[in-house]
Ligand code: PMP
């Protein structure tokens, strides 16, 4: 008997847009000799001292559940880290949850604050998960487009113009995926003023905070008046090269954290025990390794920005993360056509900018988390591709 599955499936889930990144990965993976500038993850293996701690933790038998919010020793270490790096204090007992990646922190945060129909403002181009997670929580994602002429920075006026009586929260991501744009203290303060004036919540995704190259990093939670209304999201994936470990954290006012823990205990229980042990080591003893990786990304950023501009793809200098977001408008191709023809002709995988929202059309995202030799070869091939279009 053939089944009509649609009637059994969730309409909300069916209606979610498929990720525009996945499709290109699948295609690239089926071809040989492809240089991928597509993936959003470090090319480094997790520093050895952290891996060693995970092995020790397994050997020592740390294989049980932990408290829902995570090991208190790890939460204490996260609290120390956030205080040290971002100058804000969170009580480890009541204000921090160890999650299964920042992805899950985002999911918990939206589920904890969104009532049906609530609007969440999302600064685009944006990480592909945000809008879908808002929809899954029953909310309405409202995009705010940013553009390259001011370095993809959202203005307070833009945020103010998007606010309605249904707006619940504003999501900020700095450094940004896919543009690499960082917001400085003054820019954050201006945004914070609008958020406070309209009595909104701020979700701040700071997963790339360790990877800034020019002016250091300011956390939205440290801006006066924001601590009480900010949900801070961060994790180990990017700065510590720990994507596969699936470890993140969320820090917020106690009332919000209580609700997130309630959801978490039904959906996930806790993050893996042995990996939480190793995360303590990551926070205590990896400053040099993190700095080494940061420096390496910084060198590659400087190389790729110049190389792209040299081959005629104009590219602003991103202050953080490991992405560049050059314009391909002058080629006359759409971002999907560009990515697809570049892959077919020269076997270089990039992500079309429209995967990150409407204002990403006309751009491509290239990740420079790959060796300088690979980057050089990719730039040679892209140069040839651009020439072939003339
Ligand atoms: N936020 C942003 C902006 C990201 O780019 C990513 C990963 N691509 C995440 C969150 C999710 O990170 P994690 O691996 O911690 O779930």
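Read through the list (1) crowded, with 20+ Cβ neighbours inside 10 Å; (2) out of contact with any strand residue (DSSP E or B) (no Cβ under 8 Å at 6 or more places or on another chain); (3) in a loop (DSSP other than H, G, I, E, B), then give the number of the only condition that residue 67 fails.
Exception for residue 67: condition (1).
Please determine whether any residue of the range 237-245 is assigned to a helix (DSSP H, G or I) and surrounded by 23 or more Cβ atoms within 10 Å (Cβ to Cβ). Talk me through it step by step, then tell me what you get.
Keep residues of the range 237-245 that are assigned to a helix (DSSP H, G or I), which gives 243-245.
Imposing the further condition that a residue be surrounded by 23 or more Cβ atoms within 10 Å (Cβ to Cβ) reduces the set to 245.
Yes, the range 237-245 contains a residue that is assigned to a helix (DSSP H, G or I) and surrounded by 23 or more Cβ atoms within 10 Å (Cβ to Cβ).
Rundown of residues vs (1) assigned to a helix (DSSP H, G or I); (2) buried (at least 18 other Cβ atoms within 10 Å of the Cβ); (3) not assigned by TED's automatic domain parsing to the domain that holds residue 256, yes/no style:
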residue	(1), (2), (3)
175	no, yes, no
182	no, yes, no
191	yes, yes, no
195	yes, yes, no
199	no, no, no
203	no, yes, no
208	no, yes, no
214	no, no, no
217	no, yes, no
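Quickly run through the range 49-72 and pick out the residues that are without any contact (Cβ under 8 Å) to a residue 40 or more places away in the chain and within 26 Å of the chain's Cα centre (by Cα).
72
Quick check on my filter: what residues within the range 86-107 are buried (at least 18 other Cβ atoms within 10 Å of the Cβ) and either more than 12 Å from the ligand (Cβ to nearest atom) or on the phi > 0 side of the Ramachandran plot (or both)?
86, 88, 90, 92, 95, 96, 97, 101
Over 24 Å from residue 267 (Cβ atoms), touching a residue at least 24 places away in the same chain (Cβ under 8 Å) and assigned by TED's automatic domain parsing to the domain that holds residue 280: which single residue out of 98, 88, 120 fits that description? I'd like the intermediate steps shown before the answer.
On the way: 98 fails: over 24 Å from residue 267 (Cβ atoms); 120 fails: over 24 Å from residue 267 (Cβ atoms).
Result: 88 is the single residue among 98, 88, 120 that is over 24 Å from residue 267 (Cβ atoms), touching a residue at least 24 places away in the same chain (Cβ under 8 Å) and assigned by TED's automatic domain parsing to the domain that holds residue 280.
Please indicate, with yes or no, whether at least one residue in the range 281-302 is without any contact (Cβ under 8 Å) to a residue 60 or more places away in the chain, buried (at least 20 other Cβ atoms within 10 Å of the Cβ) and in the same structural domain as residue 36 (by TED's automatic domain parsing).
no
Can you say whether residue 79 is in the same structural domain as residue 169 (by TED's automatic domain parsing) and within 30 Å of residue 324 (Cβ to Cβ), as far as the supplied structure shows? Spell out how you get there, then give the answer.
On the way: in the same structural domain as residue 169 (by TED's automatic domain parsing): yes; within 30 Å of residue 324 (Cβ to Cβ): no.
So residue 79 fails the test.
Confirm whether residue 232 is at pLDDT 95 or above, closer than 30 Å to residue 292 by Cβ, assigned by TED's automatic domain parsing to the domain that holds residue 159 and touching a strand residue (DSSP E or B) at 6+ places or on another chain (Cβ under 8 Å).
So residue 232 fits the description; yes.
Among the residues of the range 82-100, is there at least one that is farther than 20 Å from residue 253 by Cβ and in contact with a strand residue (DSSP E or B) (Cβ under 8 Å, 6 or more places away or on another chain)?
Yes, the range 82-100 has at least one match.
Give the number of residues within the range 25-54 that are touching a strand residue (DSSP E or B) at 6+ places or on another chain (Cβ under 6 Å) and part of a helix (DSSP H, G or I).
Of the residues in that region, 1 qualify.
Determine whether residue 75 is out of contact with any helix residue (DSSP H, G or I) (no Cβ under 9 Å at 6 or more places or on another chain), surrounded by fewer than 11 Cβ atoms within 10 Å (Cβ to Cβ) and modelled with pLDDT of 95 or more. Step through it out loud before you land on a result.
On the way: out of contact with any helix residue (DSSP H, G or I) (no Cβ under 9 Å at 6 or more places or on another chain): yes; surrounded by fewer than 11 Cβ atoms within 10 Å (Cβ to Cβ): no; modelled with pLDDT of 95 or more: yes.
It is false that residue 75 is out of contact with any helix residue (DSSP H, G or I) (no Cβ under 9 Å at 6 or more places or on another chain), surrounded by fewer than 11 Cβ atoms within 10 Å (Cβ to Cβ) and modelled with pLDDT of 95 or more.
For residue 270, work out the one condition from (1) surrounded by 20 or more Cβ atoms within 10 Å (Cβ to Cβ); (2) under 30 Å from residue 374 (Cα atoms); (3) assigned by TED's automatic domain parsing to the domain that holds residue 77 it doesn't fulfil.
All conditions pass for residue 270, except number (2).
Test of understanding: among 256, 269, which residue is more than 11 Å from the ligand (Cβ to nearest atom), over 21 Å from the mean Cα position of the chain (by Cα), touching a residue at least 40 places away in the same chain (Cβ under 8 Å) and part of a helix (DSSP H, G or I)?
On the way: 269 fails: part of a helix (DSSP H, G or I).
That would be 256, the only listed residue that is more than 11 Å from the ligand (Cβ to nearest atom), over 21 Å from the mean Cα position of the chain (by Cα), touching a residue at least 40 places away in the same chain (Cβ under 8 Å) and part of a helix (DSSP H, G or I).
Of all the residues that make up the range 30-51, how many are surrounded by 14 or more Cβ atoms within 10 Å (Cβ to Cβ) and more than 16 Å from the ligand (Cβ to nearest atom)? Step through it out loud before you land on a result.
We begin by selecting, within the range 30-51, every residue surrounded by 14 or more Cβ atoms within 10 Å (Cβ to Cβ); these are 34-44, 46-47, 49-51.
Then drop every residue that is not more than 16 Å from the ligand (Cβ to nearest atom), which leaves 34-35, 47, 49, 51.
Residues meeting the conditions: 5.
If I filter the range 295-316 for residues that are within 16 Å of the ligand (Cβ to nearest atom) and either closer than 24 Å to residue 87 by Cα or touching a helix residue (DSSP H, G or I) at 6+ places or on another chain (Cβ under 6 Å) (or both), do I get at least one hit?
No, that holds for no residue.
The values are calculated or read from the model by the stated rules, or taken from the named source; none is laboratory data. The structure displayed is predicted, hence computed values, not measured ones. Glycine gets a Cβ as well: all are built from the backbone with ideal geometry, and neighbour counts include every protein chain shown.
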